[in-house]
C-alpha cells in the first residue's frame, strides 16, 4: 500500500511507517491555526511544508495490485471496435 499526499499541486509519496491518521491530524491542526510547517517523511526525501487555511491537500491511498490502465476501451481506434 502506498500513500500519496498532494499539497498545492506537489505530490509526496509517504513512507509506510507513518500512521496516516497522525499525518492528517497534523495537517488539520496546522490549517486551523496561523501558518505552520508540517514535516513529512517521503520515500526518498523529508519535506517541510508551510500549511495555512487556504492550502489544498489531497490524500490518496493506493492498494497493492492496483494499476491504472493506459487507456479506456472508449479510446480505442474505431477499427478495433467490434461493430
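Values quoted throughout were computed directly from the atomic coordinates according to the rules given, and no laboratory measurement underlies them. Predicted, not measured: the structure shown is a model, and the values here were computed from it. Cβ atoms come from the backbone with ideal geometry, glycine included; neighbour counts cover every protein chain shown.
How about the range 47-69: which of its residues are in contact (Cβ under 8 Å) with a residue 12 or more places away in the chain and either assigned to a helix (DSSP H, G or I) or surrounded by fewer than 10 Cβ atoms within 10 Å (Cβ to Cβ) (or both)?
Restricting attention to the range 47-69, the residues satisfying the condition of being in contact (Cβ under 8 Å) with a residue 12 or more places away in the chain are 47, 49-53, 55-64.
The answer is 56, 63, 64.
What's the total number of residues in the range 29-46 that are outside any strand (DSSP E or B), touching a strand residue (DSSP E or B) at 6+ places or on another chain (Cβ under 6 Å) and under 26 Å from residue 2 (Cα atoms)?
Going through the range 29-46, the residues outside any strand (DSSP E or B) turn out to be 29-35, 43-45.
If we keep only those that are touching a strand residue (DSSP E or B) at 6+ places or on another chain (Cβ under 6 Å) too, we end up with 30-31, 35, 43.
Those left that are additionally under 26 Å from residue 2 (Cα atoms): 30-31, 43.
Final tally of qualifying residues: 3.
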